[in-house]
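Heads up: the structure comes next, in structure tokens.
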Amino acid sequence: MKRVIITLSILATFSTRFVFAGEMEMKQAAVASPCPEWYADNEWNVNLWGTYVFTNTDYNPNLDIPDLIQSTSEGHTVGGSFDRYIGNDHAWGGGGDIKYFFYRYFGLGLEGFVLDAHKRSFFIDLRPVDGVFIGRNVDQERAVGAVLGTLTVRYPMHCSRFSPYGWAGIGAIFGGGESDSVTTQPIPGLPNEFPTVNAQSHHFDGDTKVLGHFGFGLEVRFTRHVGWTNDISWGVIDGPQNNFTMIRSGLNFAF
């Protein structure tokens, strides 16, 4: 009987040690294998992206030459509605930015982009007495670009590849804003209407404007150094007829 009791006691001791050792191994494994973090506390980000922009003003320009001349002779040129800076209802382009993130959540950076902006306009030279009747529509292709300083706030989700972010920036936009106007002069003895007036168009070059830019999006990291970004943003230029919405998608490289 004593031998049986001693044997059971020995087995119980070994069993307790085995269970305790198993628990220690599990705890050590848990400590040694934490979940992966895909975003560093301090890192440089270089982001390259393509973009689509659509303007926030209804695109309905008046490009009818007789109507432009007639309305001008009446004292109010009917130009229609359209964006006054980009000049169309949409544009394609691309850009990039470089940011430095500190304390994991905040980044300071520099952003730039270029848009392939198409604008339709007109050329008029009407001098009936001299036999000159020129009126045509003009298609203008030009690049509209911008450079901004930005502040980005992101929130990398713990043990996740996902990080929502938002940003705001201010800078300059250039290359757009061209405009055209029409002037008319009545001819003595003839009706003050098309085509019996002198009429000329005048082209004005664009200028550089202050641009405010803000938006939000989501980054997905494929690895700790490569991610995919998608976002939507809004550009605010001087005057409500110049504002636009931008959609971007690109690759982010973290170092």
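The values are calculated or read from the model by the stated rules, or taken from the named source; none is laboratory data. Nothing here was measured: the structure is a model prediction, and the numbers come from that model. So basically every Cβ, Gly included, is an ideal-geometry build from the backbone, and we count neighbours across all protein chains shown. Heads up: the accessible areas ignore ligands, DNA and RNA and are worked out on the full protein's heavy atoms, side chains in. Shrake-Rupley method; radii C 1.70, N 1.55, O 1.52, S 1.80 Å.
Laid out as a table, the results:
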{"quantity": "Some residue of the range 173-182 being open to solvent by 50 Å² or more (accessible area, probe 1.4 Å) and under 22 Å from residue 216 (Cα atoms)", "calculated": "no"}
{"quantity": "Filter result (at pLDDT below 95 and under 23 Å from residue 239 (Cβ atoms)) within the range 91-120", "calculated": "117, 118, 119, 120"}
{"quantity": "Residue 94 being crowded, with 20+ Cβ neighbours inside 10 Å and in contact with a strand residue (DSSP E or B) (Cβ under 7 Å, 6 or more places away or on another chain)", "calculated": "no"}
{"quantity": "Enumeration of residues in the range 42-59 that are open to solvent by 70 Å² or more (accessible area, probe 1.4 Å) and in contact with a Gly (Cβ under 7 Å, 6 or more places away or on another chain)", "calculated": "48"}
{"quantity": "Any hit, the range 112-129, residues being in contact (Cβ under 8 Å) with a residue 40 or more places away in the chain, open to solvent by 30 Å² or more (accessible area, probe 1.4 Å), closer than 30 Å to residue 224 by Cα and part of a strand (DSSP E or B)", "calculated": "no"}
{"quantity": "Tally of residues being open to solvent by 30 Å² or more (accessible area, probe 1.4 Å) and β-branched (Val, Ile, Thr) across the range 133-145", "calculated": "2"}
{"quantity": "Whichever residue in the range 161-179 is modelled with pLDDT of 95 or more and over 17 Å from the mean Cα position of the chain (by Cα) and, among such residues, is farthest from residue 52 (Cα to Cα)", "calculated": "161"}
